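Inspection log for the structure reproduced underneath, given as structure tokens.
Every number in this text was worked out from the coordinates using simple rules, so none of it is lab data. In this text, all values refer to a predicted model and were calculated from it rather than measured experimentally. FYI the Cβ positions are ideal-geometry reconstructions off the backbone, even for glycines, and counts take in every protein chain you see.
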Amino acid sequence: EASFKVIDGKQTAKEIRDEIAEEISRMKDGIGVVPGLAVILVGDRKDSATYVRNKKKACDSVGIKSYEVRLPETASEEEVLKHIAGFNDDPSVHGILVQLPLPSHMNEQKVLNAVCIEKDVDGFHPLNIGRLAMRGREPLFVPCTPKGCIELLHRYGVPIKGKRAVVIGRSNIVGMPAALLLQREDATVSVVHSRTKNPEEITREADILIAAVGQPNMVRGSWIKPGAVIIDVGINPVEDSESPRGYRLVGDVCYEEASKIASAITPVPGGVGPMTIAMLLSNTLTSAKRVHNFK
Ligand code: NDP
């Protein structure tokens with residue numbers, strides 16, 4: 001416990017935003033180009049609206065121009081595809097993001113495939129995921145949440161090469177790409193999912209544990225190897241009568257217990273969440289730099 005560290009995602013994300021803002025002003029001064037991010041939001045899910053609002057705010061804070069399209073829940077898939085095609089052709093847009101989940105009458109695969117890979121700042125296009133999985137290939141973009149997890153490990157000086165890493169969860173947007181990224185960094189990776197028997201026996205081997213499950217406080221102290229580094233991706237609302245909203249957010253890891261046994265852990269909130277948005281900004285800048293060949 002003596003050397004226990006909180007991995008401060010909020011502070012790290014702020015540092016990254018400052019670096020990005022500086023790069024953007026250098027680019028603006030140099031070639032007169034400002035990166036642009038287009039966000040498409042369909043329907044009126046409260047959480048999605050909040051995410052989109054936060055992304056827009058973050059764009060403003062670093063000097064990325066944001067373009068927003070809001071469509072009603074009843075919009076057709078064709079309409080969404082039409083907007084994507086427009087942004088694909090628009091040279092002032094360097095990144096296109098379709099806020100998920102889409103309404104159930106839409107084919108998510110078809111919609112995500114429509115984003116050209118040069119503007120796929122979410123990194124969800126199968127070509128980008130495929131390249132991420134292949135040795136010797138480079139994706140144009142890496143999905144923001146797992147990229148944020150790895151960035152935290154790097155910035156906190158956590159060695160990855162040769163370490164045992166365990167990822168709980170195998171979703172396309174977090175767990176699976178997180179496992180691929182750790183493997184690219186030369187960790188030995190195991191993936192735990194809902195059909196895994198005795199998951200705690202596997203997680204106890206982990207020097208690095210990434211939890212992306214969506215189950216409040218699932219990972220208990222007894223699941224953790226002493227001294228492990230824990231990245232808690234989970235964002236779970238749990239009832240809390242003392243909070244003005246009636247709920248509070250907790251991670252997938254029981255923080256109380258984990259902080260007594262791990263060497264470092266990300267808090268929820270203030271861990272991976274802010275990093276995800278910072279990585280979106282970073283991917284958008286990367287895209288603009290690439291298309292204008294700005295070094
Ligand atoms: P999904 O629901 O898409 O995936 C959850 C994964 O966890 C699945 O692979 C599932 O297994 C596995 N799982 C579910 N229950 C168990 C269990 N009891 N034991 C072991 N594995 C289990 O969720 P996401 O990946 O989209 O998100 C995960 C969490 O991360 C959520 O809390 C979400 O809110 C949060 N999140 C946070 C972000 C951030 O910016 N910090 C961004 C995105 C998500 P199976 O494949 O077998 O079904």
Debye calc, one equal point scatterer per Cα of the stretch 164-233, no solvent, log10 I(q)/I(0) at q = 0.23, 0.25 1/Å comes to -0.98, -1.17
Checked the stretch 203-295 with the C-alpha gyration tensor, a ≥ b ≥ c its square-rooted eigenvalues, rounded below a/c of 1.5, otherwise prolate if a/b is larger than b/c and oblate if not; verdict oblate
Checking rank on 101-107, 133-139, with mean other Cβ inside 10 Å and highest first, the result is 101-107, 133-139
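Can you list, largest first and rounded to whole Å, the semi-axes you get for the stretch 2-59 by taking the square root of 5 times each eigenvalue of its Cα gyration tensor?
Numbers: eigenvalues 135, 120, 6 Å².
Ellipsoid semi-axes (Å, largest first): 26, 24, 6.
Kirkwood Rh over Cα pairs of the stretch 111-213 into Stokes-Einstein at 10 °C, 1.306 mPa s: D in µm²/s? The partial results should precede the final answer.
Details: Rh = 14.1 Å.
Value of D from the Cα-based Kirkwood radius: 113 µm²/s.
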Tilt, helix 9-31 to longest principal axis of the chain (alpha-carbon atoms), in degrees rounded to tens, equals 30
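Figure the gain on full extension for residue 257 and residue 5 (residue separation times 0.36 nm, minus the Cα-Cα span) and round it to one decimal in nm.
So the chain would gain 89.3 nm between residue 257 and residue 5.
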The chain, Kirkwood Rh and Cα Rg, ratio Rg/Rh at 0.97
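Could you work out the helix-only [θ] at 222 nm for the chain, with each DSSP H run of four or more residues adding -39,500 (n - 2.57) and the total divided by the number of residues, to the nearest 500 deg cm²/dmol?
Values: 10 runs with 119 residues, N = 295.
Value at 222 nm, helices only, nearest 500: -12500 deg cm²/dmol.
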Dividing the alpha-carbon radius of gyration of the stretch 42-91 by 2.2 N^0.38 Å, where N counts its residues, gives 1.28
In degrees rounded to 10, the 0-90 angle between helix 77-89 Cα long axis and the longest Cα principal axis of the chain is 80
For the table 119/163; 82/119; 28/119; 82/295; 163/289, the rows whose alpha-carbon distance is greater than 23 Å are 119/163; 82/295; 163/289
Residues meeting the amide H criterion for residue 68 (H placed from the backbone, H to H distance under 5 Å, 5 or more places apart or on another chain) are 39
Kirkwood Rh for the stretch 1-138 from C-alpha pairs, in Å, is 16.8
Nearest 10, in degrees from 0 to 90: the angle of helix 175-184 to the longest Cα principal axis of the chain is 80
For residue 194, placing the label point 7 angstrom along Cα-to-beta-carbon and taking the stretch 201-227, residues whose amide nitrogen sits under 13 Å are 213-215
